[in-house]
Amino acid sequence: MPYYHESMYWHMQWLIQGSPGTGYYAVMGNQSRREYHKAVKYLNKKTNNNNNKKKTNNKNRDMIKRMKFINASLESDKNIFKEIRKLKAGKSTLPNNIDGCSESEGIANVFSVKYIVFTRK
């Protein structure tokens, strides 16, 4: 990165001259450091924009999974364990019971109550 090397060069020159507060070396050091940090901020901003797009897509995908899970817990005709498996995305171990309930209908009621309590906070 050319800005980094230039900034370090002027910093070393400034140190060799005894770290003056004003003058040619102070001005060149400040200017090169400012350009370096400006370039770093630009690159970070450009990188973060790409990462934010990915994060938004992941958040949307996670929200859809959660909504499907909530709907499955409220509807008694769907298998709640199947939805849990989808939510975990490939993790094979599932609990036999949740809060003492082992049947799909009971587990769905447990989750619906917890969801209602969670959304009211």
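Structure values in brief
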| item | result |
| --- | --- |
| Over 24 Å between alpha carbons, listed pairs 65/114; 45/65; 45/68; 46/68; 59/82 | 45/65; 45/68; 46/68 |
| Vicinal HN-Hα couplings computed from phi for region 100-115 (Karplus, 6.51 cos²θ - 1.76 cosθ + 1.60; Hz; Gly/Pro x) | x, 9, 10, 9, 4, 5, x, 5, 4, 5, 4, 5, 5, 5, 5, 5 |
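Laboratory data are not the source of any read-out in this text; all were calculated from the coordinates shown. Treat the numbers as computed from the prediction; the structure is a model and nothing was measured.
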